[in-house]
Amino acid sequence: MGNCGSEVRCGKCDGAHLSDDCPVYSKPREDHPDAQAGHSPTKSEMADCTVTKCRVVRQPADNHCLFHCLAYNLNKHFKTKVKARDVRAELSQWVAANPDVEVKGQSVIDLVRVEYPNEELSATSYAQRIASTQRWGGLPELLAASQLYNMEVRVWVQTSKWTKRYTLISKFEAEGTATEPLPLDILFDRSQLHYDCLILPPYHPLLRPKKRRPPPVVDPAASGSSDGSRSS
């Protein structure tokens, strides 16, 4: 583990890289609030934003990898058999129904505009796109998952190929809940635009004890017959 306090900070996601090289906000963000000032990390986030000795759980590179990551985590913690198509269906419905929900000043519709800055998409029209099996999952789905499944979603990138060092670049956390959020660490491959699950070492301070929570209700009927995710 290391300290990120003295590193270059991205003005878009606050990651340890130049803004022009941001793997999370790859499209122009001039009209987005974070384009003016990135989210300032807390002292604990700064101290814990780099980690080594992680295990990567690979997910299929089939345009559905983000939803595979979410399904993997739900199944791991709750011993369920949720599929990527179930997660995709629920998140797309949640996005359509909650365009103004915010996490740290970023709303669902804000993130939709980040994903498609050159199109005037409503949350409903965006959700209809995400329901397609060939659409990648992205920022709106990360926010939606944090709220719908009571998760703390943490996005990491590998900053050193040879030492297997990973740096935290973005976080979405459930707000206003009575129980501790379920942690989900995912690894973003900036070269392949792909998500895998990242398993942190058990001694890492981010892995504090969590209060047990009931599993989320996932309605398989809502998913139809397709399987998917939007990022791969």
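The values are calculated or read from the model by the stated rules, or taken from the named source; none is laboratory data. It should be emphasised that the depicted structure is a prediction, and the values quoted were computed from it without experimental measurement. Please note: Cβ atoms are built from the backbone with ideal geometry, for glycine as well, and neighbour counts cover all protein chains shown. When the accessible area is computed, the model is the full protein with side chains, heavy atoms only, and any ligands, DNA or RNA have been set aside. Shrake-Rupley method; radii C 1.70, N 1.55, O 1.52, S 1.80 Å.
Within the set Arg154, Arg165, the sole residue that is closer than 19 Å to Arg55 by Cβ, over 11 Å from the mean Cα position of the chain (by Cα) and basic (Lys, Arg) turns out to be Arg165. Residue pairs whose Cβ atoms lie under 7 Å apart, separated by 6 or more positions or on different chains, with the first residue in region 144-173 and under 18 Å from Ala89 (Cβ atoms) and the second buried (at least 21 other Cβ atoms within 10 Å of the Cβ) and among the small types (Gly, Ala, Ser), are Met151/Ala145.
Among the residues making up region 129-165, those that are basic (Lys, Arg) and touching a helix residue (DSSP H, G or I) at 6+ places or on another chain (Cβ under 9 Å) are Arg129, Arg135. Looking across region 91-113 at every residue that is β-branched (Val, Ile, Thr) and part of a helix (DSSP H, G or I), the one that is surrounded by the fewest Cβ atoms within 10 Å (Cβ to Cβ) is identified as Ile109. Checking every residue in region 41-57 against the condition of being modelled with pLDDT of 95 or more, open to solvent by less than 30 Å² (accessible area, probe 1.4 Å), more than 26 Å from Glu102 (Cα to Cα) and not in a helix (DSSP H, G or I) gives at least one match. Residues that are in contact with an Asp or Glu (Cβ under 9 Å, 6 or more places away or on another chain) and open to solvent by 20 Å² or more (accessible area, probe 1.4 Å) within region 67-81 comprise just one, His68.
Taken as a whole, the structure leaves Arg88 outside the set of residues that are open to solvent by 40 Å² or more (accessible area, probe 1.4 Å), part of a helix (DSSP H, G or I) and touching a residue at least 60 places away in the same chain (Cβ under 8 Å).
Against the definition (surrounded by 21 or more Cβ atoms within 10 Å (Cβ to Cβ) and at pLDDT 95 or above), how does His64 come out, yes or no? If you could, list the steps in order and put the result at the bottom.
Working: surrounded by 21 or more Cβ atoms within 10 Å (Cβ to Cβ): yes; at pLDDT 95 or above: no.
Here the answer is no, as His64 does not meet what is asked.
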